[in-house]
């Protein structure tokens with residue numbers, strides 16, 4: 001007996017299994033899929049974004065160097081820092097943070113910018129935030145030239161610090177199962193939240209929380225989120241049975257701790273130790289995740 005003709009766009013039994021059956025897609029659904037794909041942050045788009053961050057970091061570094069060299073800006077900065085060794089150490093720490101940022105972003109822009117690892121992309125966001133520590137010498141320059149610009153450079157420094165607070169923990173959620181198509185959305189959330197908190201952060205100790213110290217509160221907040229990022233990497237290690245996640249989490253924690261030493265160090269010993277730990281930790285974090293995603 002002749003079989004009845006099957007509808008166009010489907011298969012006959014036994015191939016009409018629910019999860020294997022073929023169904024003809026409508027043009028509207030295909031258009032929606034194309035639009036969703038275009039909104040994703042692809043590897044090529046991530047590479048362009050990393051290069052844009054590298055260009056901005058270079059511009060900030062060149063502007064700071066030009067301000068220190070041209071005119072009497074350099075003398076005003078060093079005259080303010082000459083009163084104590086802590087002031088000179090603070091300026092040196094800001095310069096070392098910028099140097100670390102430019103080094104990491106150079107490696108990403110030339111080599112690893114197109115990596116499929118969203119964790120590495122958010123690590124480049126963290127490194128990008130370090131270059132805004134140059135807002136401290138720029139603020140000293142502005143105090144000598146135009147005191148009205150001082151709050152602007154202070155908020156620039158705060159923007160970089162909040163970016164360094166948020167980028168590690170938001171990048172770590174990809175290791176525990178968040179889809180790569182969310183990279184662009186979380187990158188936008190990171191930048192917008194850092195800008196919002198930097199704009200709302202008070203520049204003086206006046207207010208109900210002034211007695212506790214905003215610096216202490218920010219360090220506590222950053223430490224809690226860094227521990228959360230470390231927990232995410234440990235969970236990824238337990239789930240995927242891949243030790244590279246544990247190594248990457250420990251290296252990231254070492255990088256964040258070293259950046260604290262460079263920002264808040266009051267003597268040369270923590271600054272020197274932080275420089276060494278930051279270099280080793282950044283190299284280990286980048287190499288581990290880059291090799292892990294290439295292997296997979």
For region 246-258, pairs from a residue that is more than 21 Å from residue 269 (Cα to Cα) to a residue that is surrounded by fewer than 18 Cβ atoms within 10 Å (Cβ to Cβ), with Cβ under 7 Å and 6 or more apart or across chains, are 246/234; 247/284; 249/234
Is it fair to say residue 193 is at pLDDT 90 or above and surrounded by fewer than 17 Cβ atoms within 10 Å (Cβ to Cβ)?
yes
Only residues that are surrounded by 13 or more Cβ atoms within 10 Å (Cβ to Cβ) and either outside any loop (DSSP other than H, G, I, E, B) or modelled with pLDDT of 85 or more (or both): list them for region 196-222, please.
197, 198, 214, 218, 219, 221, 222
Which ones in region 160-190 are crowded, with 21+ Cβ neighbours inside 10 Å and farther than 18 Å from residue 229 by Cα?
160
Return yes when residue 153 is over 21 Å from residue 223 (Cα atoms), within 17 Å of the chain's Cα centre (by Cα), at pLDDT below 90 and part of a helix (DSSP H, G or I) and no when it is not.
no
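The values are calculated or read from the model by the stated rules, or taken from the named source; none is laboratory data. Keep in mind it's a predicted model, so treat the numbers as computed, not measured. In this analysis, Cβ positions are derived from the backbone assuming ideal geometry, glycine residues included, and neighbour counts consider all displayed protein chains.
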